[in-house]
Amino acid sequence: MSGANAPARERPPERVLIIKPSALGDVVTALPVLRALRRTFPAAHLSWLVSTACSPLLERDVDLDEIVPFERRRLGRAWRSPDAAGALLELIRRLRRARYDWVIDMQGLFRSGFLAVTTGARIRAGFATAREGAWMFYTHRLRPTRRHTVDRNMELAGVLGLDARREDMTLTVAPEGQAFAGGFLSRSEVAGRPLVALVPPTRWPTKLYPTRHWRALAGMLGGGAALAVMGTGADVELCAAVAEAGGAHAVNLAGQTSIPEMVGLIAAADCVVCCDSAAMHIAQAVGTEVVALIGPTRPERTGPLLERQYITAPVPCQGCLRRRCEHVTCMQEIDPAVVAERVERALADGRQPCRTAT
């Protein structure tokens, strides 16, 4: 469908639902669609169906009216648990009662397409390439032509007549996030130094930068910068090893930050170093310089929007998309000295490419 004949030009919606339950980074890359909806329809009621694990990312968003929580683990048992089946039926009833005019499904799986059609919305948009037959549930389908996931989401918005822009990928920093960051920056081992957030963990084993490289990097940076080493409670040992190598001005925060606090600290940092993970997208969305270390994934599809914000190794298998690998050469060959030099350059430049209002 062309923009000239798009639904936005025919009958503006009063109620819109975005379906993008997870993961954290994927939710961030869908934000331009939310911003375009609010800019185009300032009076519309905008809802987002999102997993309970990711919902703290959106709870204080200035453009969002309602979060519809999606309990993925519980609802996934609906076929064998009466309690879970009841919860799924209640979610379907809630979606029906909301009387949405539009639903935009950016997850593209059977369950998200099914939930889209159960709303009864007259306009249901999604990707023609959606998996598990989800495309059958849409009234408006896009076969994407762009490569990057942010651009593909904006392309889907364009099918509906929305003007989504790359600079719309912004996050609101919640007050509790700002307060946490302020308290951290006042700590004696941090105050007065540029702050670099190191985020070693990531979900795929093949995306992990070797611990010895993280330790070498922390040692190179720890003399001039304060280091906040971040991760979940499951990453305490990894982050402790990295922080130990960073010296007296490195702090292990693994398991000590909520999602809003993590966002607040990333927003307060001068630079973030991470693998291909949610931290990479969050840093972009709050305007903090990021140096992303990318191996098995393809930066032109899911990496930072700016080429200068990622590093890959010159190996022929880079971008293989494998979750398991015996050698992981693509990550092993990223030199910590090269990473340190890129961080130092970012600190010297002090760029803030797209910082959002807090």
Practice prompt. State whether one or more residues within the range 138-161 are closer than 17 Å to Leu46 by Cβ, surrounded by fewer than 22 Cβ atoms within 10 Å (Cβ to Cβ) and not aliphatic (A, V, I, L, M).
Written response: yes
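Does the range 314-325 contain at least one residue that is within 26 Å of Leu347 (Cα to Cα) and at pLDDT below 95?
yes
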Worksheet item: Mind checking which residues of the range 11-25 are surrounded by 19 or more Cβ atoms within 10 Å (Cβ to Cβ) and outside any strand (DSSP E or B)?
Response: Pro13, Lys20, Pro21, Leu24, Gly25
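If only one of Ala313, Ala279, Ala267 is within 21 Å of Ala340 (Cβ to Cβ), small (Gly, Ala, Ser) and outside any loop (DSSP other than H, G, I, E, B), which one is it?
Values: Ala313 fails: outside any loop (DSSP other than H, G, I, E, B); Ala267 fails: within 21 Å of Ala340 (Cβ to Cβ).
From the options Ala313, Ala279, Ala267, the qualifying one is Ala279.
Do the conditions hold for Thr312, that is, is it of a type in the set (S, T, N, Q), touching a Cys at 6+ places or on another chain (Cβ under 8 Å) and buried (at least 18 other Cβ atoms within 10 Å of the Cβ)?
Working: of a type in the set (S, T, N, Q): yes; touching a Cys at 6+ places or on another chain (Cβ under 8 Å): yes; buried (at least 18 other Cβ atoms within 10 Å of the Cβ): yes.
It is true that Thr312 is of a type in the set (S, T, N, Q), touching a Cys at 6+ places or on another chain (Cβ under 8 Å) and buried (at least 18 other Cβ atoms within 10 Å of the Cβ).
Looking at the range 165-252, what helices (runs of 4 or more DSSP H) fall wholly within it and have at least 2 residues that are more than 24 Å from Val28 (Cβ to Cβ) and in contact (Cβ under 8 Å) with a residue 24 or more places away in the chain?
Values: elements: 175-185, 211-221, 236-246.
Here the list reads 211-221, 236-246.
Identify, from the list Ala125, Ala98, Ala121, the residue that is within 19 Å of Val27 (Cβ to Cβ) and at pLDDT 95 or above. Before you say what the answer is, go through the steps one by one.
Working: Ala98 fails: within 19 Å of Val27 (Cβ to Cβ); Ala121 fails: within 19 Å of Val27 (Cβ to Cβ).
From the options Ala125, Ala98, Ala121, the qualifying one is Ala125.
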Item to complete: State whether the residues of the range 126-133 include one that is surrounded by 17 or more Cβ atoms within 10 Å (Cβ to Cβ) and touching a helix residue (DSSP H, G or I) at 6+ places or on another chain (Cβ under 6 Å).
Response: no
Worksheet, complete the sentence: Exception for Thr118 within (1) over 26 Å from Gln284 (Cα atoms); (2) surrounded by fewer than 22 Cβ atoms within 10 Å (Cβ to Cβ); (3) out of contact with any helix residue (DSSP H, G or I) (no Cβ under 6 Å at 6 or more places or on another chain); (4) outside the structural domain of Thr288 (by TED's automatic domain parsing) falls at (3)
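The values are calculated or read from the model by the stated rules, or taken from the named source; none is laboratory data. Quick caveat, the model's predicted, so the values are computed rather than measured. We place every Cβ from the backbone using ideal geometry, glycine too, and count neighbours over all the protein chains shown.
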